[in-house]
Amino acid sequence: MKKKLLLMGNNKRLITDFFMQLDFYFDCASTSLIASDLRIHYQFFQPDAIVYCMHAESRDNINSVIRFVDGAPKDDDVPFVVVADGADYEFLCKMPGGRADLRVGAGVSVSELQTEINNAIVRHKGGKLENAKTDPALDDALDRLSQLDEQMKKLENGDLNINLPASLLSKVMRPRILVVDDSTIIHKAIKGYIESEYDISTAISGTAALRFLKTKEVNLILLDYEMPDMNGAEVLKALRENPLTATIPVVFLTGVNDTAKIQKVLRLKPDGYLLKPIDKNVLLNKIKEILG
């Protein structure tokens, strides 16, 4: 089972890396540094670790995080991890109550970051520290990828006599859906609804989604219509202007519920729209209608 990380801080690039590059290891949610938002996300998500991704943080931001960490239930025994360069971390340590169970440099590799955080969680739970490469789930995934790589090399060499196990095919051939929404609560809900049938990737902004799609392929995009970074209309326009993403089906997720605004959404010619709060059966039916 994936360990859960609650992410916060001004280092948005690093937070995006957690969602995109560490999705296999961690189930991530992000939160603002507003006190009420921190508490609600913590209570709802129940993370295995709190990760503060620092970058030029203000005194108010740091104080808000310190008060939040100090106020977390002690019985939860959740490690507080700070990912920061030296200057940011020194600023944190100078603040009253400023401390971290683990500090990781902002420039470390993704694999080092995964190992350090995983070990911090295990250490807090009193378990035995393990190298990430000995994780059974990772070993299984690497084995499947190795088999796939072997068969793909055969295809590249013109050998059509390939043999992929059914268990591997079921993993490889599952459609991938990208959920683009600035609310991690929506990410969590949709994952819970459909992850048994589909592979899920998430992005917390339109910019992050477009960056993700430069290197990854998806079969369907569930796109929030109203976002602070790029709204859904702007993201859809960018998708349609790029030949590599122009044909990906897009379904809008929107809280809009009046006729005039729905007509405005439909003029953008998406492949569908779903009203929030998302109904599980309506969502599944829409996905099956599009993907078959």
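Here is a check on your reading of the model: is residue 38 buried (at least 17 other Cβ atoms within 10 Å of the Cβ), aliphatic (A, V, I, L, M) and touching a strand residue (DSSP E or B) at 6+ places or on another chain (Cβ under 6 Å)? So residue 38 does not fit the description; no.
I'd like to check something: does segment 257-265 contain any residue that is at pLDDT 90 or above and on the phi < 0 side of the Ramachandran plot? No: zero hits.
Give the residue that is nearest to residue 209 (Cα to Cα), with candidates limited to residues of segment 227-241 that are open to solvent by 60 Å² or more (accessible area, probe 1.4 Å) and either part of a loop (DSSP other than H, G, I, E, B) or in contact with a His (Cβ under 7 Å, 6 or more places away or on another chain) (or both). Result: 229.
Tell me, yes or no, whether segment 197-216 has at least one residue that is more than 19 Å from residue 26 (Cβ to Cβ), small (Gly, Ala, Ser), in contact with a Phe, Trp or Tyr (Cβ under 6 Å, 6 or more places away or on another chain) and part of a helix (DSSP H, G or I). Looking for residues that are more than 19 Å from residue 26 (Cβ to Cβ), small (Gly, Ala, Ser), in contact with a Phe, Trp or Tyr (Cβ under 6 Å, 6 or more places away or on another chain) and part of a helix (DSSP H, G or I), one finds none in segment 197-216, hence no.
Of all positions in segment 20-31, none carries a residue that is charged (D, E, K, R), under 20 Å from residue 99 (Cα atoms) and either open to solvent by less than 70 Å² (accessible area, probe 1.4 Å) or assigned to a helix (DSSP H, G or I) (or both).
Inside segment 217-232, residues that are touching a helix residue (DSSP H, G or I) at 6+ places or on another chain (Cβ under 8 Å), of a type outside the set (Asp, Glu) and under 24 Å from residue 288 (Cα atoms) make up a count of 7. Counting residues in segment 42-58 that are open to solvent by 40 Å² or more (accessible area, probe 1.4 Å), part of a helix (DSSP H, G or I) and within 23 Å of residue 93 (Cα to Cα) gives zero.
The values are calculated or read from the model by the stated rules, or taken from the named source; none is laboratory data. These numbers come from a predicted model, not from an experiment. Don't worry about glycine lacking a Cβ; one is built from the backbone with ideal geometry, like all the others, and counts go over all protein chains shown. Each accessible area value is taken on the protein alone, full model and side chains, heavy atoms only, with ligands, DNA and RNA left out. Shrake-Rupley method; radii C 1.70, N 1.55, O 1.52, S 1.80 Å.
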